[in-house]
Amino acid sequence: MNHIETDLIHSGNAFNTSRSVVPPIYQTATYYAPPGVEEFIEAATAPRYPHFYQRHGNPVSSQTAELLARLEGKDAALLTATGMAAISTAILSVVKAGDHVIAQQSHYSAAGIFLKEVLPQFGISVSYTDQRDNNSFREAIRENTTLIYLETPSNPNLAITDLAFVGTLAREKGITTICDNTFASPINQRPGDFGIDIVVHSATKYLGGHSDLTAGVICGTTEAINIAWKKLLSFGGALAPFDTWLLLRGLRTLAMRVRQINENALQLAQWLEQQPLVRRVIYSGLPSHPQHELAKAQMKGFTGMLCIEVDGKDEPQQFHRAQTILRQLKIFANAASLGGVESLIVHPASMWGKHHSKQEKERAGINEGLLRISVGIEHIDDLIADFAQAFQYVND
Ligand SMILES: *Cc1c(COP(=O)(O)O)cnc(C)c1O
């Protein structure tokens, strides 16, 4: 096996049977069926068959999936239309009525809603652990626990889950584990190396990397991916041909992008930590992060995701100042999403808005002064200068 940088360019190329270096976009809903009855049955029913019908598979999907599986160190991967399609499909391919799921107190907002509102509709109960506390996972285990659902670093508060601990615990107890690896990207962290069974991503973020598509991926054993594929056939969340092609194109530069982003984010975090208007910087790459040692043990780099808590005498002032900074930044765009080449910033308390109670927000570490930053690949001096000028508008 080659190094990741090489495989990012070449892995999966065997699926490109055309003579073009870059695969064609198979912009077709369907394919001429093979003439023989046996071959037809195979094409119609084989998991992820690439030339039968778009919802089943697509040659570029096969090529991209092979690369993604390689990135996560898994046998197989399945592409989905969004990250949420990957998360919901992966979870529903593991659990059934009567099961119990262990999740965390902080998860990506829509994943949290899926756990809170969708699973209970089907008689599946969910417990929420403090992911920073290994014991809380052990204590949450019940007779009917079939799944532990993880996210690390978690959105938006960048708490870290001890992957080796949970991976080992779950294997001892015969419980399946799924980890959302979106924030880290496989360049910085591979949950499978710590015994996690299934890895999911919003490929909309670092994997695609250019904020021009939505996509998701599920990585696991061939058996797990075949089960997920069959669920996806019914759920209907296949990734469209053009977005698949864009995802493959974006992936080529993943290692370079993530390395530059890691470097920019660390420098920005170090600078922000020195600013009087910043009460706290939350970045797993800083020694001040309460779980920095754990992060170092399981991550090769610390990503472009960081949060700052704006200082102020009370929450209304923190809120006001955070909004001022957000609005005065010129390079950091106020936009949902993350993981692209461009720097983005959001106010999580507003983004979580009415979907979550105040108590739920607090448990997820979200307060009115919190700003979540996704650092891009711009020049670091310009990124720092942008914050410096925005801070000058805070005048209360
Ligand atoms: C964005 C995101 C998702 C959802 O992905 P979509 O592509 O928007 O459906 C899930 N998990 C995390 C951590 C995310 O950042």
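Across the stretch 191-206, the qualifying residues are those that are within 16 Å of the ligand (Cβ to nearest atom) and assigned to a loop (DSSP other than H, G, I, E, B), and the one among them that is farthest from residue 92 (Cα to Cα) is 206. Filtering the stretch 93-112 to residues that are hydroxyl-bearing (Ser, Thr, Tyr) and away from the ligand (no atom under 16 Å from the Cβ) leaves only 93.
Cβ-Cβ below 8 Å, separation at least six or inter-chain, first residue in the stretch 315-344 and closer than 20 Å to residue 361 by Cα and in the same structural domain as residue 263 (by TED's automatic domain parsing), second within 16 Å of the ligand (Cβ to nearest atom) and part of a helix (DSSP H, G or I): which pairs? Final answer for the pair search is 336/351. The residues in the stretch 153-176 that are within 16 Å of the ligand (Cβ to nearest atom) and either under 10 Å from residue 196 (Cβ atoms) or hydrophobic (A, V, I, L, M, F, W, C) (or both) can be counted, and the count is 5. Where residues in the stretch 31-90 are acidic (Asp, Glu) and open to solvent by 60 Å² or more (accessible area, probe 1.4 Å), which of them is farthest from residue 190 (Cα to Cα)? Checking each candidate, the answer is 38.
Pairing each residue of the stretch 69-85 that is touching a residue at least 60 places away in the same chain (Cβ under 8 Å) and away from the ligand (no atom under 14 Å from the Cβ) with any residue that is among the acidic types (Asp, Glu) and open to solvent by 10 Å² or more (accessible area, probe 1.4 Å), provided the two are 6+ apart or on different chains, yields C-beta distances under 7 Å for 69/75; 70/7; 73/193. In the stretch 96-119, the residue that is nearest to the chain's Cα centre (by Cα) out of those that are β-branched (Val, Ile, Thr) and surrounded by fewer than 19 Cβ atoms within 10 Å (Cβ to Cβ) is 113. When we screen 168, 146, 176, 204 for residues that are within 12 Å of the chain's Cα centre (by Cα), at pLDDT 95 or above and either open to solvent by 10 Å² or more (accessible area, probe 1.4 Å) or outside the structural domain of residue 246 (by TED's automatic domain parsing) (or both), the only hit is 204.
The values are calculated or read from the model by the stated rules, or taken from the named source; none is laboratory data. Quick caveat: nothing in here was measured; it's all calculated off a predicted structure. Neighbour counts run over all protein chains shown; Cβ positions are idealised from the backbone, glycine included. Quick note on the areas: whole protein, heavy atoms, side chains included, nothing else; ligands and nucleic acids left out. Shrake-Rupley method; radii C 1.70, N 1.55, O 1.52, S 1.80 Å.
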